[in-house]
Amino acid sequence: MVRIRVLVVDDHRIFAESLAAALAAEPDVDVFAAGSGPAALRCLERAAAEGRRYDVLLVDADLGRTLPGGRAAIPVQLGDAEGHVDGISLVSGVRTAQPGVRCVVLAEKDEPRRAALALQAGACGWVAKDCSLSRLLTVIRGVLRDETHLPPALLTGVLKELTAARKHRSESERLVESLTPREREVLRCMVAGLGRKAVAERLFLSPHTVRTHMQNVLGKLGVHSTLAAVALARRAGVGPVDLAGDVVERGGQLA
């Protein structure tokens, strides 16, 4: 019998343990639970190192969105075991690091926009937390056959969101292509979070010249702030400058 290794990732301990216990009753399922994104990353890394990779990741849609006291969690780069990782960032990181792991998002409510973001991040399904165990098992086995599972009521909304995202990305790419090579370098530095002085030092330019380039970037992109420019750049697939070496964009290729 081929066994399915499942990792439940939910910071609501009672729910995670209850779901894990229910799935563990299946004769062909081995299930483990992690209470946070960083804990899940450690489980995945340890399993990979020992040659026993997980097959399916069940991720809470609201993972890491709030901290004790009602504070909002700030998503951090994957692999930061001391930080907080939100559900969609976890899906994206896992799919990049371990493409063989199928990710399914468990949600308390249907949200077309977030479901579309989850699919764009690499999720194979969006399932209600209160669905039946048999339904969840169907999804788990289905994604292992490369199926994508969404509630029928979400399909129209998700398709609209994906179509809109594609349109926005195309427009963003067109705007980025209007930049000069130097302006793109500056934009990548902005995406990396570098300030004007740091950009000047990195590109061997004067702060005044960097300021001019930044103003040109904002003008050509049609935005009024660095944050807006960074958001547009990310939609266009522009990555941050690699602070340890070369510029990274779309798989390491310079535009």
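Of all residues in region 190-210, one or more are open to solvent by less than 40 Å² (accessible area, probe 1.4 Å) and within 22 Å of A121 (Cα to Cα). Among the criteria (1) part of a loop (DSSP other than H, G, I, E, B); (2) open to solvent by less than 20 Å² (accessible area, probe 1.4 Å); (3) at pLDDT below 90, the one L90 does not fulfil is (1).
Scoring L155 on the criteria (1) open to solvent by 40 Å² or more (accessible area, probe 1.4 Å); (2) among the aliphatic types (A, V, I, L, M); (3) more than 22 Å from the chain's Cα centre (by Cα) leaves a single failure, condition (3).
Please work out if A97 is open to solvent by 70 Å² or more (accessible area, probe 1.4 Å) and under 20 Å from R234 (Cβ atoms). I'd like the intermediate steps shown before the answer.
Values: open to solvent by 70 Å² or more (accessible area, probe 1.4 Å): yes; under 20 Å from R234 (Cβ atoms): yes.
Yes, satisfied.
What are the residues in region 106-144 that are part of a strand (DSSP E or B) and over 17 Å from the mean Cα position of the chain (by Cα), if any? Let's see the steps before the verdict.
So in region 106-144, the residues part of a strand (DSSP E or B) come out as 106-107, 125-128.
Of everything in region 106-144, those that are part of a strand (DSSP E or B) and over 17 Å from the mean Cα position of the chain (by Cα) turn out to be V127, A128.
Number of residues in region 21-42 that are under 13 Å from R3 (Cα atoms) and not in a helix (DSSP H, G or I): the value is 7.
For E17, the stated conditions hold: it is open to solvent by 70 Å² or more (accessible area, probe 1.4 Å), at pLDDT 85 or above and closer than 28 Å to S134 by Cα.
Only one residue in E201, E147, E185, E249 is in a loop (DSSP other than H, G, I, E, B) and at pLDDT 80 or above. Which one? Step through it out loud before you land on a result.
Values: E201 fails: in a loop (DSSP other than H, G, I, E, B); E185 fails: in a loop (DSSP other than H, G, I, E, B); E249 fails: at pLDDT 80 or above.
E147 is the lone residue from the list that is in a loop (DSSP other than H, G, I, E, B) and at pLDDT 80 or above.
Summed over region 100-138, the residues that are closer than 17 Å to D55 by Cα and either open to solvent by 40 Å² or more (accessible area, probe 1.4 Å) or basic (K, R) (or both) give a count of 3.
Against the condition in a helix (DSSP H, G or I), open to solvent by less than 80 Å² (accessible area, probe 1.4 Å), modelled with pLDDT of 90 or more and touching a His at 6+ places or on another chain (Cβ under 7 Å), how does V217 come out, does it pass? Before you say what the answer is, go through the steps one by one.
Numbers: in a helix (DSSP H, G or I): yes; open to solvent by less than 80 Å² (accessible area, probe 1.4 Å): yes; modelled with pLDDT of 90 or more: yes; touching a His at 6+ places or on another chain (Cβ under 7 Å): no.
Here the answer is no, as V217 does not meet what is asked.
So in region 168-189, with the set limited to residues that are without any contact (Cβ under 8 Å) to a residue 40 or more places away in the chain and not acidic (D, E), which one is most open to solvent (accessible area, probe 1.4 Å)? Per the stated criteria, the residue is R174.
Does any residue of region 100-121 turn out to be β-branched (V, I, T) and under 30 Å from V199 (Cβ atoms)? Within region 100-121, not a single residue is β-branched (V, I, T) and under 30 Å from V199 (Cβ atoms). Among the criteria (1) at pLDDT 90 or above; (2) assigned to a helix (DSSP H, G or I), the one L179 does not fulfil is (2).
The values are calculated or read from the model by the stated rules, or taken from the named source; none is laboratory data. Keep in mind the model is a prediction, meaning the values are calculated, not measured. Cβ atoms come from the backbone with ideal geometry, glycine included; neighbour counts cover every protein chain shown. Heads up: the accessible areas ignore ligands, DNA and RNA and are worked out on the full protein's heavy atoms, side chains in. Shrake-Rupley method; radii C 1.70, N 1.55, O 1.52, S 1.80 Å.
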